[in-house]
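The values are calculated or read from the model by the stated rules, or taken from the named source; none is laboratory data. Small disclaimer: the values here were computed from a predicted structure and weren't measured. In this analysis, Cβ positions are derived from the backbone assuming ideal geometry, glycine residues included, and neighbour counts consider all displayed protein chains. Only protein heavy atoms, including side chains, enter the accessible area calculation; ligands, DNA and RNA are left aside. Shrake-Rupley method; radii C 1.70, N 1.55, O 1.52, S 1.80 Å.
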Amino acid sequence: MATLPVPLPSAKMATVEKRRLAVSQAAGFTDSGRPGASRTAAMTESEEDFLRQVGVTEMLRTALLKVLEARPEEPIAFLAHYFENMGLRSPTNGGAGEPAGQLLLQQQRLGRALWHLRLAHHSQRTAFNNNVGVAYECLSASGRKKKPGLDGRTYSELLKRICRDGEAPEEVVAPLLRKIQCRDHEAVPLAVFRAGMLTCFVLLEFVARAGALYRLLEDPGLATADRRVGQAVLDTLEGALQASDDTAPARYLEAGSRLGPDSLALAMDRALVARRPSVPMTREEFLEKAAALFIAKVKPVG
């Protein structure tokens, strides 16, 4: 059987093939239909630019930094809660303009601010200050009929929420709130807001430590402490606070921590050998007097 000759490509077909290859290369595709290396790099760069332009890159970076600061036991749940409430920080996410909607939005912002304030302990100064700034921004977001900024009413409400959630007795924290609150119509700058938040959290820790100290003095059978011993401990605590010239609230905790077992034991022994009748001192009275020593060192607002 004779072999059929293989037809050579015509000049027209060669021209079409060259044009097809040129178009494919210009589009960034190889002859197999897959994206070329240059096209893939361009797509990757374009995606990164998009994420950066819409703020996703910075948002994720901030979220991961919050995880590192807080180090929660359940990081995924922490991130879910973080992203769920992010919209409350947006000034454009206002209510419908009606009082009920504004009240609900205000409560949401207070809750969001509290969540940020609790992310880091006040001793982690940089992280705590950053979170205070975010909380201030949450509460300063303006609605449709409200100018941006934080008023004294919102600031005072947040102070009350912090103290109430801290389970400190109301009569213990009330004197502090009266000292650092602002008038409802006053504008609260960030510096005053930061000082108030720090003072509240330090007082709560101070009262908690005072409660632990009272449990050491308490008679389990009577659920009270000997007044002589309790007052001796309070006098020793007052001396430690007065010896500290620093006005920073966190320093008050350090002054209280200087009360070593030896100094406390010596004060208690002196109280017990004193010839005075034993009168009980309740936990509430002890905490109130201990908090009063702390509050006396706090500078009032304004």
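Counting residues in region 220-238 that are surrounded by 11 or more Cβ atoms within 10 Å (Cβ to Cβ), modelled with pLDDT of 60 or more and either in contact with a His (Cβ under 9 Å, 6 or more places away or on another chain) or closer than 30 Å to Arg183 by Cα (or both) gives zero.
When region 167-200 is examined, which residues are found to be among the small types (Gly, Ala, Ser) and either touching a Cys at 6+ places or on another chain (Cβ under 8 Å) or without any contact (Cβ under 8 Å) to a residue 12 or more places away in the chain (or both)? Correct list: Ala174, Ala191. Regarding region 163-172, can at least one residue be identified that is of a type in the set (Val, Ile, Thr), open to solvent by less than 10 Å² (accessible area, probe 1.4 Å) and modelled with pLDDT of 90 or more? No, region 163-172 contains no residue that is of a type in the set (Val, Ile, Thr), open to solvent by less than 10 Å² (accessible area, probe 1.4 Å) and modelled with pLDDT of 90 or more.
Taking the criterion of being modelled with pLDDT under 85 and over 30 Å from Val188 (Cβ atoms), the residues of region 277-302 that qualify are Pro277, Ser278, Val279. Between Leu158, Leu216, Leu203, the distinction of being assigned to a helix (DSSP H, G or I), under 30 Å from Met281 (Cβ atoms), in contact (Cβ under 8 Å) with a residue 12 or more places away in the chain and of a type outside the set (Gly, Ala, Ser) belongs to Leu203 only.
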